[in-house]
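Visitor: Quick one: this structure, given as structure tokens, is what I'll be asking you about.
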Amino acid sequence: MSYAYLDRLNRTLHDHESWRERECLNMIPSENHGSRHMRSMLATDFGNRYTAPDRFYRGTKFADELLALCEEVARKVFNARYADVRPLSGHTADMAVLLSLTRPGDKIVSVSPDNGGYPGITHLGLGKLLGLKNMYFPYDDSVVNIRGRDSATLVRGEKPKVVFFGASFIPFPHPAKQVSEAATGTAVFDGSHVLGLIAGGEFQDPLREGCQLLIGSTHKSLPGPQGGVILSNNEEVFRAVSSRIHPGIVDNVHLNRVAALTVALLEMMQFGKPYAQAVVRNSQALAKALAGSGIRLRGAPAGYTKSHQVLLDYDAPKLSLISDRLEQANIIIDNGGRVGTSELTRLGYGSQDMDEVAELMASVILGKKPLEFVRKRVKGIAGQHHEAKYVLKSVPSLTA
Ligand SMILES: Cc1ncc(COP(=O)(O)O)c(C=O)c1O
């Protein structure tokens, strides 16, 4: 009986990996490709160990060294005085911030979910669960961004406890400096989507633009394991959040994830700049080619994108239809019309490849070619790009 299930498990895994890794153009901007080196860390003994700040568990001397090492590397990569890599995801980091810095009835301001804000912190998610009063930045849809001056006025007048920059739809840097200057509460940048670009110095630099905290997922534009991080230059604010992580928000920190994150951060330390530059270059090349093929995109007056995202401009039913047809052609995007370039960049696609990717996408969206024909071509391209680039040469193991 067990073996039959095991066989099914093995087949599912094999089918998933050979399809998504060898036959698809993976363009969901929340995802990325982890290097073999990074993934190998997930299978180490650390994945079965505990450590806790109260020293409850024994045998943790190397686990504690690992945590300290990862946080040291994170501080270097993001030029931050403080780092906490214990959050298990971007959402856990958001939760740590809101549980630590707010009380029921407090106001927080963020990007509305109607404008691509992350629903998890809004009245649909933590805002409701924690009894917060969610308010939203005035937004300019034509440039897919919050309105700097109007947002500063709102923040100055309402004096929210927390001002949350960052969003799930984020083609352009937010005017964090201008708005945070008006804040009396804590300014936080949720960089879940753009952390890899920030690591490479290619988007914006929230910790030097008035934000006391930079938090986020470690697996979207940053090609790390699924997890979260909190970064800061402000000791008081950092301690207020970090001191609440255990035992309130995270118990087991998943040390194998921490080891894998260390590898990804080292990759960014070494190659973050060229990687992030290539991601943005690819987004811009893709947007230009898609627009040239007659595909409607958001943000045209601002040049479409300065991030890892290109946003299709169709209504919800049409976007759902488009993503469905693209999936049948092995081109994977989400139902919101976000098209991401991080994973393709990570696999070595350059801006010259974006013309072909755009042509294939456009022929599906505009119904110009049979899906079967496009799928064959996609498989041909994807089969040639399945090894991560921007990776460190592995160092011989000390125990080998
Ligand atoms: C801006 C933003 N913050 C937080 C999250 C949650 O991240 P995670 O999936 O790592 O919990 C997301 C998820 O997509 C996001 O877009």
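Visitor: Which residues, taken from the range 206-228, are touching a Phe, Trp or Tyr at 6+ places or on another chain (Cβ under 9 Å) and more than 10 Å from the ligand (Cβ to nearest atom)?
Guide: P206, L207, E209, C211, Q212, L213, L214, S221, P223
Visitor: If only one of L290, L266 is aliphatic (A, V, I, L, M), under 18 Å from the mean Cα position of the chain (by Cα), assigned to a helix (DSSP H, G or I) and modelled with pLDDT of 95 or more, which one is it?
Guide: On the way: L290 fails: under 18 Å from the mean Cα position of the chain (by Cα).
Exactly one residue qualifies, and that residue is L266.
Visitor: Right, something else. Tell me, yes or no, whether the range 214-233 has at least one residue that is surrounded by fewer than 24 Cβ atoms within 10 Å (Cβ to Cβ) and more than 18 Å from H33 (Cβ to Cβ).
Guide: Yes - at least one qualifying residue is present in the range 214-233.
Visitor: What number of residues within the range 285-312 satisfy the criterion of being surrounded by 14 or more Cβ atoms within 10 Å (Cβ to Cβ) and more than 19 Å from M354 (Cα to Cα)?
Guide: So in the range 285-312, the residues surrounded by 14 or more Cβ atoms within 10 Å (Cβ to Cβ) come out as 285-291, 293, 295-300, 302, 304-312.
Filter once more, keeping what is more than 19 Å from M354 (Cα to Cα): 302.
Residues flagged as surrounded by 14 or more Cβ atoms within 10 Å (Cβ to Cβ) and more than 19 Å from M354 (Cα to Cα) within the range 285-312 amount to 1.
Visitor: Related question: Those residues that are among the polar types (S, T, N, Q) and either at positive phi or more than 15 Å from the chain's Cα centre (by Cα) (or both), I need them from the range 185-208; list them, please.
Guide: Filtering the range 185-208 down to residues among the polar types (S, T, N, Q) leaves 186, 192, 204.
Hit for the range 185-208 is T186, nothing else.
Visitor: Can we say G34 is surrounded by 14 or more Cβ atoms within 10 Å (Cβ to Cβ), touching a His at 6+ places or on another chain (Cβ under 9 Å) and in a helix (DSSP H, G or I)?
Guide: For G34, the condition - surrounded by 14 or more Cβ atoms within 10 Å (Cβ to Cβ), touching a His at 6+ places or on another chain (Cβ under 9 Å) and in a helix (DSSP H, G or I) - is not met.
Visitor: Going by the conditions given, is L197 within 16 Å of the ligand (Cβ to nearest atom), part of a helix (DSSP H, G or I) and hydrophobic (A, V, I, L, M, F, W, C)?
Guide: When the stated conditions are applied, L197 passes them.
Visitor: Of the conditions (1) within 16 Å of the ligand (Cβ to nearest atom); (2) surrounded by fewer than 24 Cβ atoms within 10 Å (Cβ to Cβ); (3) farther than 30 Å from G348 by Cβ, F238 satisfies every one except a single condition; which number is it?
Guide: Every listed condition holds for F238 apart from (1).
Visitor: Among the residues of the range 75-97, which ones are within 16 Å of the ligand (Cβ to nearest atom) and either within 10 Å of L214 (Cβ to Cβ) or small (G, A, S) (or both)?
Guide: S89, G90, A93, A96
Visitor: Counting only residues that are surrounded by fewer than 23 Cβ atoms within 10 Å (Cβ to Cβ) and of a type in the set (S, T, Y), which one in the range 104-147 is farthest from the ligand (Cβ to nearest atom)?
Guide: S142
Visitor: Also, quick follow-up: Does N115 count as among the polar types (S, T, N, Q), touching a residue at least 12 places away in the same chain (Cβ under 8 Å) and out of contact with any Leu (no Cβ under 8 Å at 6 or more places or on another chain)?
Guide: yes
Visitor: Quick one: which residue in S168, S151 is under 11 Å from the mean Cα position of the chain (by Cα), under 22 Å from G120 (Cα atoms) and not aromatic (F, W, Y)?
Guide: It is S168.
Visitor: Check the range 72-92 and report whether any residue there is without any contact (Cβ under 8 Å) to a residue 24 or more places away in the chain, part of a helix (DSSP H, G or I) and surrounded by fewer than 16 Cβ atoms within 10 Å (Cβ to Cβ).
Guide: yes
Visitor: Going by the conditions given, is A182 under 18 Å from the mean Cα position of the chain (by Cα) and either surrounded by fewer than 23 Cβ atoms within 10 Å (Cβ to Cβ) or within 16 Å of the ligand (Cβ to nearest atom) (or both)? Walk me through it before giving the result.
Guide: Numbers: under 18 Å from the mean Cα position of the chain (by Cα): no; either surrounded by fewer than 23 Cβ atoms within 10 Å (Cβ to Cβ) or within 16 Å of the ligand (Cβ to nearest atom) (or both): yes.
When the stated conditions are applied, A182 does not pass them.
Visitor: Under 7 Å between Cβ atoms, which residue pairs at least 6 apart in sequence (or on different chains) link something in the range 177-203 that is farther than 20 Å from E343 by Cβ and modelled with pLDDT of 95 or more with a partner that is hydroxyl-bearing (S, T, Y) and part of a loop (DSSP other than H, G, I, E, B)?
Guide: Close Cβ pairs (under 7 Å, with a partner that is hydroxyl-bearing (S, T, Y) and part of a loop (DSSP other than H, G, I, E, B)) amount to D190/Y118.
Visitor: Scan the range 37-48 residue by residue and report those that are closer than 30 Å to A329 by Cα and either of a type in the set (A, V, I, L, M, F, W, C) or crowded, with 23+ Cβ neighbours inside 10 Å (or both).
Guide: If the condition is that a residue be closer than 30 Å to A329 by Cα and either of a type in the set (A, V, I, L, M, F, W, C) or crowded, with 23+ Cβ neighbours inside 10 Å (or both), then M38 is the only one that fits.
Visitor: Which condition does Y50 not pass, out of (1) assigned to a helix (DSSP H, G or I); (2) in contact (Cβ under 8 Å) with a residue 60 or more places away in the chain, if it passes all the others?
Guide: It fails just one condition, (1).
Visitor: I need the full set of residues from the range 203-238 which are farther than 17 Å from M27 by Cα and of a type in the set (A, V, I, L, M, F, W, C), in order please.
Guide: Within the range 203-238, F203, L207, C211, L213, L214, I215, V229, I230, L231, V237, F238 meet the criteria.
Visitor: Condition (residue is assigned to a helix (DSSP H, G or I), away from the ligand (no atom under 16 Å from the Cβ), touching a residue at least 24 places away in the same chain (Cβ under 8 Å) and buried (at least 23 other Cβ atoms within 10 Å of the Cβ)) applied to the range 252-261: is it met by at least one residue?
Guide: Narrowing the range 252-261 to residues assigned to a helix (DSSP H, G or I): 255-261.
Now drop any that are not away from the ligand (no atom under 16 Å from the Cβ), which leaves 255-256, 259.
Checking the rest, the ones that are also touching a residue at least 24 places away in the same chain (Cβ under 8 Å) come to 255-256, 259.
From the residues that got through so far, the ones that are buried (at least 23 other Cβ atoms within 10 Å of the Cβ) too are 255, 259.
Yes - at least one qualifying residue is present in the range 252-261.
Visitor: Would you mind finding the one in Y3, Y57 that is among the aromatic types (F, W, Y) and not in a helix (DSSP H, G or I)?
Guide: That would be Y57, the only listed residue that is among the aromatic types (F, W, Y) and not in a helix (DSSP H, G or I).
Okay, residues lined up against (1) farther than 23 Å from G303 by Cα; (2) within 16 Å of the ligand (Cβ to nearest atom); (3) part of a helix (DSSP H, G or I); (4) small (G, A, S):
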position	(1), (2), (3), (4)
R149	no, no, yes, no
V155	yes, no, yes, no
P160	yes, no, no, no
V163	yes, yes, no, no
P171	no, yes, no, no
H174	no, yes, no, no
V188	yes, yes, no, no
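The values are calculated or read from the model by the stated rules, or taken from the named source; none is laboratory data. Bear in mind that the values here come from a model prediction, so they are computed numbers and not experimental data. We place every Cβ from the backbone using ideal geometry, glycine too, and count neighbours over all the protein chains shown.
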